[in-house]
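J.: Dropping the structure in here first, questions after.
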There are 2 protein chains.
Amino acid sequence: MDTILISHGNGGRETQHLLQQIIFSKVPEQLKQTIGGIGINYPDDGAVINLKGDKLIITTDSYTVNPIFFPGGDIGILAISGTINDLIMMGASPIAMLDSIVVSEGFLISDLEKILESMLSILKKYNIPLIGGDFKVMPSDSMKGIVINTVGIGITENPIIDIVMPEDKIIVTGPIGTHGAVIAAMQYGIQTSLKSDVKPLIPLLRIFNKYKDKIHAARDPTRGGLASTLNEWAQLAKKMIIIEESKVPILQEVKSITEITGLDPFVLANEGTAVLSVSPDIEKDIIKDLESLNFQPSTIGYVTEPKDWENKGIVITKTTIGGVKILEMPTGDIVPRIC
Amino acid sequence: MDTILISHGNGGRETQHLLQQIIFSKVPEQLKQTIGGIGINYPDDGAVINLKGDKLIITTDSYTVNPIFFPGGDIGILAISGTINDLIMMGASPIAMLDSIVVSEGFLISDLEKILESMLSILKKYNIPLIGGDFKVMPSDSMKGIVINTVGIGITENPIIDIVMPEDKIIVTGPIGTHGAVIAAMQYGIQTSLKSDVKPLIPLLRIFNKYKDKIHAARDPTRGGLASTLNEWAQLAKKMIIIEESKVPILQEVKSITEITGLDPFVLANEGTAVLSVSPDIEKDIIKDLESLNFQPSTIGYVTEPKDWENKGIVITKTTIGGVKILEMPTGDIVPRIC
């Protein structure tokens, strides 16, 4: 009998297959988006609704993390930042949020208060209203812990819909794999001074608005990491993406953790770091602008039109020792379980 | 040490108190709604966003029910109908939905497929696009079963914002307590031929559009039942609501179940039955219109302006034996656990 496996939640190949089987193949084409909008016909972080000229962006995500408090944040900061970031990566200004909390009987109210304070601190800082939500309690024999679902609503004139173009430069806004490495360290009991990169990427909006349609794709590579995002982009645009491994910034503490655990930093989650695919003529300017906003950006590769005999939709890494290998879509169990 | 109790999820007094303590008291007033909109400053089923003349209604809910398949429906039908109904009860036409599913390792994929087919059957019937979502897997040691979070987006020119007025008639669109009684029967092992009333209330939109601002309040009394909805309305408008117990329609099978279990049908959940507070001059017409749409409506009471020395914001029941009693906001554990 077929049952759900942990790997079905990896945000990689198994998740893609399962969702294709149980949902995407069964929703009629005309019900995959609103008229003139973008929905599940398209694998991006938010849906687009056209409404009398405004483009409304809606996104929803369920957050569960173990442990719920970690160096640099907690599940509340994660749930609010993650959903804000999904809006930002569509080029949208957040206008409102909703949250729905499912908590188990026996959960500490003081912990719940801390988590909510974390959530509210970000909403207050960026002046985003919390306009609704839900609250449910599950008995302790069917759940342990907390699941937070957040809904983000944003507006934009020009949604960034992630179509990479030949010659595009691939830029990351900072070192990768940090959030995943922190959670891995806690789960494996490894001592580290590392903190999660979790944060709302609202400052990036200024850059998106400045360069507009020169930014062809933008994503916060959470579950499944950089490997998942780059593979989705390559597949979607039927292009080849070439990454130079030596140019990908990874913190020394993250490297230590991945060496001990055998984890791949390209698959580890990021929660406050974005990857962009931009027109080559703005590369230098955007790097400068990102630096002025206190990001630590690096150009890590580029997009190319595959030749006739080459595979379309794949990601190639040039390794530090001079070879090349295919950067695969993540598969198998998520290690660590970051969500 | 204070921990979450099952009663914190009852949708009644304890839920109100906890949410007041951990959220409502901490969100600054200007962040409780968008400008010109309605949000958590107001206890209704959906939030209102004003957007260039359109009024957008957004609602989100997390669904969990035990058992997940029950006579008359399943958690999928519940999750889609419940969220559609929250939009309808605001007077809004659903324009899109999103769903976020959290499922435990070991869950049967065939069950997941059945649940998704249930969800899609309703979306197809009413032509509502599914524009986005999320999917997460939790390990079997931290969760058993499935939680479905749904987001509904609707539009309306005139949101129904639930301010009851003196002389209003209180109408229910059918017998009450049926869904809660079915779940109770299953949990207590009582044999019954009863089926849940779960269904989308989309046909009611026609009536809301016809009578517009003569309909002062509309709600599907889910968790906490009719007792919770009527108490919220009375408190909100600082009015008194008088209900004649003998006029409240309750199916014979529901009565049998409540007699055996000692449960109160006024507190049992409804998932396809609405309660309306309407101007007295349209009472007869609306009853006729509801009947023509195959509802089985009954006028069960009215709203009155409390006299100076009377309690504001309470609900009084005239009992079948000629007495009067206060219909309290539900308190204590939810029995049965319907969500």
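The values are calculated or read from the model by the stated rules, or taken from the named source; none is laboratory data. All of these numbers come straight from a predicted model, not from anything done at the bench. Glycine also receives a Cβ, built like all others from the backbone with ideal geometry; neighbour counts cover every protein chain displayed. Only protein heavy atoms, including side chains, enter the accessible area calculation; ligands, DNA and RNA are left aside. Shrake-Rupley method; radii C 1.70, N 1.55, O 1.52, S 1.80 Å.
J.: Would you be so kind as to identify which of B:89, B:123, B:56 lies farthest towards the positive end of the dipole of region B:33-156, taking Lys and Arg as +1 and Asp and Glu as -1 on Cβ and the Cα centre as origin?
T.: My answer, from the dipole projection, is B:56.
J.: Here is a further query. List the distances, in nm and shortest first, from the label point of residue B:187 to the matching label points in every other copy, placing each point 7 Å from Cα along the Cα-to-Cβ direction.
T.: In ascending order, 3.3 nm.
J.: Quick check: net charge around residue A:304, other residues with Cβ under 10 Å of its Cβ, Lys/Arg +1 and Asp/Glu -1?
T.: Once positives and negatives cancel, what remains is -2.
J.: Per DSSP helix of 4 or more residues, -39500 (n - 2.57); summed, then divided by the residues of the protein assembly as shown. What does that give at 222 nm, rounded to the nearest 500?
T.: That comes out to -8000 deg cm²/dmol.
J.: In a GNM of chain B with a 10 Å cut-off on Cα contacts, which of B:228, B:118, B:25 has the highest mean-square fluctuation?
T.: The residue with the greatest mean-square fluctuation here is B:25.
J.: In debye, nearest 20, what is the charge dipole magnitude of the protein assembly as shown about its Cα centre with +1 on Lys and Arg Cβ and -1 on Asp and Glu Cβ, if you could check?
T.: Charge dipole of the protein assembly as shown: 700 debye, to the nearest 20.
J.: On average, how many beta carbons from a partner chain sit within 10 Å of the beta carbon of a residue in A:105-111?
T.: That works out to 5 on average.
J.: Quick one: divide the alpha-carbon radius of gyration of region B:271-314 by 2.2 N^0.38 Å and tell me what you get.
T.: 1.49
J.: Next up: Could you work out Rg/(2.2 N^0.38 Å) for chain A, with Rg from alpha carbons only?
T.: Relative to the rule-of-thumb radius for its length, chain A sits at 0.97.
J.: Which entries of A:136/B:214; A:210/A:312; B:238/B:318; A:32/B:136; B:169/B:212; A:214/A:239 show an alpha-carbon separation above 22 angstrom in the structure shown?
T.: A:136/B:214; A:210/A:312, as the Cα separations exceed 22 Å there.
J.: Right, another one. Restricting everything to alpha-carbon atoms, can you work out Rg to Rh for region B:169-326 with a Kirkwood hydrodynamic radius?
T.: 0.97
J.: On to the next question. For the protein assembly as shown, what size does the Cα cloud have along each of its three principal axes, sorted from largest down, in whole Å?
T.: 91, 48, 46
J.: Which residue, A:17, A:179, A:216, tops the fluctuation ranking in a GNM of chain A built on C-alpha contacts under 10 Å?
T.: A:17
J.: Per the 1.4 Å probe, what fraction of the accessible area of chain B, in percent, lies on carbon and sulfur atoms?
T.: It is 51 percent, rounded to a whole number.
J.: A further question follows. Averaging sequence separations of C-alpha pairs under 8 Å and six or more residues apart, then dividing by the length of region A:1-107, give the relative contact order as a whole percent.
T.: 14 percent
J.: As an exercise, use a Förster radius of 41 Å and the Cβ-Cβ distance of residue A:93 and residue B:291 to find the FRET efficiency, rounded to the nearest 0.05.
T.: Efficiency for this residue pair is about 0.30.
J.: What distance in nm lies between label points placed 7 Å from Cα along the C-beta direction at residue B:246 and residue B:281?
T.: 3.1 nm
J.: Another question, if that's okay. Only bridges whose two residues both fall in the protein assembly as shown count here: according to DSSP, what percent of them are antiparallel, nearest 5?
T.: The answer is about 80 percent antiparallel.
J.: Mind checking B:320-328 for the average number of partner chain beta-carbons within 10 Å of each residue's beta-carbon?
T.: Per residue, the average neighbour count from other chains is 0.
J.: Here is a follow-up. Check which residues have an amide H placed less than 5 Å from residue A:160's amide H, if you skip close sequence neighbours.
T.: Result for residue A:160 returns A:91.
J.: How about region A:243-339: which GluC sites (Glu not before Pro) there are in a DSSP loop, with at most 12 other Cβ atoms within 10 Å of their Cβ?
T.: Listed in order of number, the matching sites are A:310.
J.: Would you jot down the residues in region B:112-136 that end up with at least 40 Å² less accessible area in the complete protein assembly than in the chain alone, with a 1.4 Å probe?
T.: Flagged in region B:112-136: B:113, B:116, B:120, B:124, B:129, B:130, B:131, B:134, B:135, B:136.
J.: Right, another one. If amide hydrogens are placed 1.01 Å from N in the peptide plane, which non-local residues have theirs closer than 5 Å to the one on residue A:136?
T.: A:101, A:102, A:103
J.: Related question: With the Cα gyration tensor of region B:94-190 in hand, convert its eigenvalues to equivalent ellipsoid semi-axes via √(5λ) and list them largest first in whole Å.
T.: 32, 23, 14
J.: Picking from B:250, B:208, B:275, whose Cα lies most toward the positive end of the charge dipole for region B:169-326 (charges on Cβ: Lys, Arg +1; Asp, Glu -1)?
T.: The residue sitting most towards the positive pole is B:208.
J.: List, shortest first and in nm to one decimal, how far the label point of residue A:54 (7 Å from Cα along Cα→Cβ) is from its counterparts in the other copies.
T.: Those label-point separations list as 0.8 nm.
J.: Right, something else. Taking the Cα centre of each part, how many Å lie between region A:78-108 and region B:283-304?
T.: Cα centroid to Cα centroid, the span is 40 Å.
J.: On to the next question. Put the label 7 Å from Cα along Cα→Cβ for residue A:36; what are its distances to the other copies, in nanometres, shortest first?
T.: Computed spacing set for this position: 1.9 nm.
J.: Then there is this: Determine the sum of side-chain charges near residue A:164: Lys and Arg each +1, Asp and Glu each -1, restricted to other residues whose C-beta is under 15 angstrom from that of residue A:164.
T.: Result for the local shell: -2.
J.: Give me the percent relative contact order of chain B, please, defined on Cα pairs under 8 angstrom at least 6 residues apart.
T.: 23 percent
J.: Size of the dipole of chain A about the Cα centre, Lys and Arg at +1 and Asp and Glu at -1 on the beta carbon, nothing else charged, in debye to 20?
T.: Value, rounded to 20: 380 debye.
J.: How many angstrom lie between the Cα centre of region B:306-322 and the Cα centre of region B:112-133?
T.: What the calculation gives is 43 Å, centre to centre.
J.: Further question on the same structure: Mind checking the mean number of beta-carbon atoms from other chains within 10 Å of the Cβ atoms in A:153-162?
T.: 1
J.: How high is the relative contact order of region B:169-326, given as a whole-number percent (alpha carbon pairs under 8 Å, six or more residues apart)?
T.: Averaging sequence separation for qualifying contacts and normalising by length gives 43 percent for region B:169-326.
J.: I've got another one for you. Restricting the calculation to Cα positions, tell me the Rg (one decimal) and the Dmax (whole number) of region B:256-332 in Å.
T.: Calculated on Cα positions, Rg and Dmax stand at 15.5, 42 Å.
J.: To the nearest µm²/s, what D does Stokes-Einstein give for region B:136-225 at 37 °C and 0.692 mPa s, using the Kirkwood radius over alpha carbon pairs as Rh?
T.: Using the Kirkwood radius from Cα pairs, D works out to 194 µm²/s.
J.: Measure out, as a whole number of angstrom, how far apart the alpha-carbon centroids of region B:194-266 and region B:1-50 sit.
T.: Measuring centre to centre over Cα atoms gives 22 Å.
J.: For region B:33-156, build the convex hull from the C-alpha positions and give me its volume per residue in Å³.
T.: 121 Å³
J.: Could you check what % of the DSSP bridge pairs in region A:74-181 are antiparallel, to the nearest 5?
T.: Approximately 55 percent, going by the DSSP bridge assignments.
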